[in-house]
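The values are calculated or read from the model by the stated rules, or taken from the named source; none is laboratory data. Model, not experiment: these values are computed from the prediction. Methodologically, a virtual Cβ is constructed for each residue, glycine included, from the backbone with ideal geometry; neighbour enumeration extends over all protein chains shown. Surface accessibility is based on the protein's heavy atoms, side chains included, excluding ligands, DNA and RNA. Shrake-Rupley method; radii C 1.70, N 1.55, O 1.52, S 1.80 Å.
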Amino acid sequence: MKILFYTQGISFDPDLQSLSRALPEAEVRHWERGDTGPADFAVVWRPPREFFVGRDDLRAVFNLGAGVDAILGLERAHPGTLPKHTLLVRLEDTGMASQMAEYVTHTVLRYMRRFDEYAHLQALQQWKVLERHPRETFTVGVLGLGVLGAHVAETLSSFGLPVRGFSRSAKKIEGVDCYAGANQFDAFIDKVKVLVNLLPSTPDTDGVLNARTFSKLTRGAYLINVARGAHLVEGDLLEALSSGQVAAATLDVFHHEPLPASHAFWSQSRITITPHCSAEALPDESMWQIAQKIRELTRGGSIGGIVNVEQGY
Ligand code: NAP
Ligand code: GLV
């Protein structure tokens, strides 16, 4: 079995050897431009379009991340890029769900317990107790209840916060008020205090963090975007911040990454920026998961994480 490996520009460090260790029966090679030799499977992060040319032999392409928007973006711009019978498979968790829960929980509690405001008071050498945010109305809304969103919502609910979740299909998650489908979006978003985005980037979801959405939140709401930059209408966030409708935001993902030096977000004291690091796939777990799935497919079995190209995730 032959496997192609392409991971240029990835933030974590998956190495070809760890895939070879997990799957010793395979012959794994790095793909270089011009390599048109046979391959049964591919393990990739943001491959160029050329990678797929003439690759009808590929049984499956394993995306080294949860979000497949880069590959499906190529497919939308150049239909037929993905070979017709090739499965596209994304990572499922591989260490990301717990990291995402840590990142989001930290941010929510920091806002709820007013740590940023206390840091400001400390800088002014002021000893002052601020009014408590009532827990009962501190509603957190989680957009996306998949592998990551469901775990984040459950974790937040374990702190006794009112938690709502939004997905495409109906869900039941203990401690979470679940809403599904576009016609329940307004009920989901109504008076949410902290909005967490964990949707995949698709034509249906891009731009969902916009002026209309912000206007439905509780005044002085908080935004946490840990999914993709394409979800956010940046100008709408800046306006919502200046009107006070949104009090502050933590953003891990951006339209252009790295965030350009001239970008307005850098100088906004009420925006916390992190460099797309809220959850990184663990290299060994990722390779192990991919190896198990390749074995299962080779045996003729079925696997999880297959992307529905039509739906875009
Ligand atoms: P997932 O398991 O595929 O979950 C996606 C969720 O979004 C599902 O609940 C799905 O609903 C829902 N959804 C999709 N389209 C929708 C729509 N139009 N309306 C309502 N709900 C919709 O994905 P995941 O593994 O949780 O990852 C989510 C995203 O997080 C990834 O796509 C990626 O962009 C991002 N991510 C970011 C980082 C980072 O470091 N910042 C790391 C990993 C992932 P159904 O359940 O009904 O299908
Ligand atoms: C990271 O952003 C991922 O999609 O896994």
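Tabulated data
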quantity: Dipole of region 172-300 [Lys/Arg +1, Asp/Glu -1 at C-beta], most positive-end residue of L199, A261, A247; calculated: A247
quantity: Two-decimal Rg/Rh across region 196-313, once Rg and the Kirkwood Rh are taken from alpha-carbon atoms; calculated: 1.10
quantity: Accessible-area composition of region 148-207, carbon plus sulfur, in percent [1.4 Å probe]; calculated: 49 percent
quantity: Percent RCO, i.e. relative contact order, over the chain, from Cα pairs under 8 Å lying at least 6 residues apart; calculated: 17 percent
quantity: Within region 218-313, GluC sites (Glu not before Pro) in DSSP loop having at most 11 other beta-carbon neighbours inside 10 Å; calculated: E310
quantity: Value in Å of the Kirkwood radius, where region 99-153 supplies the Cα pairs that are averaged; calculated: 13.0 Å
quantity: Square roots of 5 times each gyration tensor eigenvalue, C-alpha, region 40-140, largest first, Å; calculated: 48, 14, 12
quantity: Too-long pairs where the Cα-Cα distance tops 32 Å, listed order kept, from K128/K172; K2/K172; K172/K216; K171/K293; K193/K293; calculated: K128/K172; K2/K172; K193/K293
quantity: 0 to 90° range, to nearest 10: angle between helix 234-243 axis and the chain longest Cα axis; calculated: 10 degrees
quantity: Per residue, in Å², the accessible surface of the chain once ligands and nucleic acids are set aside, probe 1.4 Å; calculated: 49 Å²
quantity: The chain - Kirkwood radius from inverse mean 1/r over Cα pairs (Å); calculated: 20.9 Å
